[in-house]
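The values are calculated or read from the model by the stated rules, or taken from the named source; none is laboratory data. All values derive from a computational prediction rather than experimental measurement. Note that each Cβ is placed from the backbone with ideal geometry, even for glycine, and that neighbours are counted across all protein chains shown. These accessible areas exclude ligands, DNA and RNA; they are computed on the full protein's heavy atoms, side chains included. Shrake-Rupley method; radii C 1.70, N 1.55, O 1.52, S 1.80 Å.
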Amino acid sequence: MQIVGELINASRKKIREEIRNKDNEFIVQVARDQREAGANFIDVNAGIFVGQEGDYMKWLVETVQNNVDAPCCIDSPDPKVIEEGLKVHKGVPLVNSISLETPRYDDILSVIKGSDVKIIALCMSDEGMPYTKDGRMKIADKLVNGLTANDVPLENIYVDPLVQPIGSGDTLGLEFLNTIEQIHEEFEGINTICGLSNISFGLPKRKFVNQAFMIMAITKGLNAAIMNPLDQKMMANIVVAEMLAGKDEFCANYMDAYREGLLDA
Ligand code: THG
């Protein structure tokens with residue numbers, strides 16, 4: 001599982017204040033904690049700062065990368081903001097995200113064309129959010145084919161079928177899970193990703209819902225997630241579920257995690 005630490009997101013009250021204050025120390029600590037807990041990418045999102053989002057994005061990428069050795073997940077629907085983040089980013093970032101919406105599709109494509117970035121392909125179009133597997137696959141097919149036609153290799157594409165709250169429809173969990181399965185069947189070597197905690201929106205005790213959903217998604221082949229890596233039970237579940245799903249030769253990762261005390265949560 002490739003883990004994208006979600007905590008540096010301006011929709012969170014404390015983070016919003018510390019971004020507004022440009023409090024280096026606080027942001028660096030949140031980045032460092034997530035990295036040490038096992039995050040492979042640090043998500044940075046300044047989405048609520050309309051008009052200044054690009055400036056804050058630049059500051060976030062620099063602040064994180066000057067202090068923590070990790071690539072960022074540059075999280076914005078605005079191509080201009082992504083461009084600002086890319087200007088200062090070192091190494092290979094994860095761009096979050098392209099979708100089929102106009103003009104986002106063309107604009108993001110022109111920002112990333114010719115570079116070797118990794119990119120999230122979000123299953124959203126001008127018709128809005130798809131609810132069924134078929135609706136999601138129609139968008140996913142167009143996005144993946146469009147990206148590969150523009151020389152983005154499958155290994156750099158992360159399809160996000162868009163997790164929607166289970167509280168808003170009984171079958172939304174299954175439609176998502178079946179989409180993950182079909183994407184891996186159709187495109188060998190591609191990645192799938194999601195904003196995991198969307199599933200539990202509006203429910204109490206969200207951690208349990210998120211943890212169970214992660215295990216179910218691993219059985220369908222999910223191999224990346226935007227999530228809270230500081231949830232130790234979640235991190236332990238991932239190691240176990242991947243072993244049980246046949247992704248851990250000789251149980252080596254499981255035994256490493258055991259020795260490192262990661263299964264004591
Ligand atoms: N897909 C893609 N990108 C995404 C999402 C997605 N980026 C944003 C989001 N969804 C994933 N990131 C977060 C970040 C933080 C929180 C949830 C998702 C979070 N939520 C608490 C809540 O909702 O209760 C906030 C509480 C607080 O203020 O701390 O922390 O789906 N490609």
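Residues in region 120-134 that are of a type in the set (S, T, N, Q) and open to solvent by 40 Å² or more (accessible area, probe 1.4 Å): 1 in all. A count restricted to region 92-119 and to residues that are open to solvent by 50 Å² or more (accessible area, probe 1.4 Å), among the small types (Gly, Ala, Ser) and either within 22 Å of VAL4 (Cβ to Cβ) or under 19 Å from the mean Cα position of the chain (by Cα) (or both) stands at 1. When region 1-23 is limited to residues that are assigned to a loop (DSSP other than H, G, I, E, B) and more than 16 Å from the chain's Cα centre (by Cα), the one that is farthest from the ligand (Cβ to nearest atom) turns out to be LYS22. Listed by first and then second residue, the pairs linking a residue in region 33-54 that is closer than 11 Å to ILE74 by Cβ to a residue that is more than 15 Å from the ligand (Cβ to nearest atom) and part of a loop (DSSP other than H, G, I, E, B), with Cβ atoms under 7 Å apart and 6 or more places separating them unless they lie on different chains, are PHE41/ALA70; PHE41/PRO71; ILE42/VAL68; ILE42/ALA70.
Here is a yes/no grid of residues against (1) away from the ligand (no atom under 14 Å from the Cβ); (2) open to solvent by less than 20 Å² (accessible area, probe 1.4 Å); (3) outside any helix (DSSP H, G or I):
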site: ARG136; (1), (2), (3): no, yes, no
site: GLY146; (1), (2), (3): yes, yes, no
site: TYR158; (1), (2), (3): no, yes, yes
site: GLY167; (1), (2), (3): no, no, no
site: ASP170; (1), (2), (3): yes, no, yes
site: LEU174; (1), (2), (3): yes, no, no
site: THR179; (1), (2), (3): no, yes, no
site: ILE183; (1), (2), (3): yes, yes, no
site: GLU188; (1), (2), (3): yes, no, yes
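Answer yes or no: is there a residue in region 68-82 that is modelled with pLDDT of 95 or more, among the hydroxyl-bearing types (Ser, Thr, Tyr) and assigned to a helix (DSSP H, G or I). There is no residue in region 68-82 that is modelled with pLDDT of 95 or more, among the hydroxyl-bearing types (Ser, Thr, Tyr) and assigned to a helix (DSSP H, G or I).
With respect to the conditions (1) within 12 Å of the ligand (Cβ to nearest atom); (2) open to solvent by 30 Å² or more (accessible area, probe 1.4 Å); (3) over 23 Å from GLY128 (Cβ atoms); (4) touching a residue at least 24 places away in the same chain (Cβ under 8 Å), PHE201 lacks only one, and its number is (3). Apart from one condition, VAL209 fits all of (1) touching a helix residue (DSSP H, G or I) at 6+ places or on another chain (Cβ under 7 Å); (2) assigned to a helix (DSSP H, G or I); (3) more than 13 Å from the ligand (Cβ to nearest atom); (4) not small (Gly, Ala, Ser); the exception is (3).
When ASN21, ASN40 are checked against the criterion of being of a type in the set (S, T, N, Q), open to solvent by 30 Å² or more (accessible area, probe 1.4 Å) and touching a Gly at 6+ places or on another chain (Cβ under 9 Å), ASN40 stands alone in meeting it.
You will find that of LYS87, LYS58, the residue that is more than 20 Å from ASN156 (Cα to Cα), at pLDDT 95 or above, more than 16 Å from the ligand (Cβ to nearest atom) and basic (Lys, Arg) is LYS58 and no other.
A count restricted to region 190-200 and to residues that are part of a helix (DSSP H, G or I) and in contact with a His (Cβ under 9 Å, 6 or more places away or on another chain) stands at 0. Being more than 11 Å from the ligand (Cβ to nearest atom), more than 25 Å from LEU262 (Cβ to Cβ) and touching a helix residue (DSSP H, G or I) at 6+ places or on another chain (Cβ under 8 Å) is the filter here; which residues of region 24-49 pass it? Correct list: ASN24, PHE26, ILE27, ALA46, ILE48, PHE49. Scanning region 61-75 for residues that are open to solvent by less than 10 Å² (accessible area, probe 1.4 Å), within 16 Å of the ligand (Cβ to nearest atom) and out of contact with any Gly (no Cβ under 6 Å at 6 or more places or on another chain) turns up VAL64, CYS72, CYS73.
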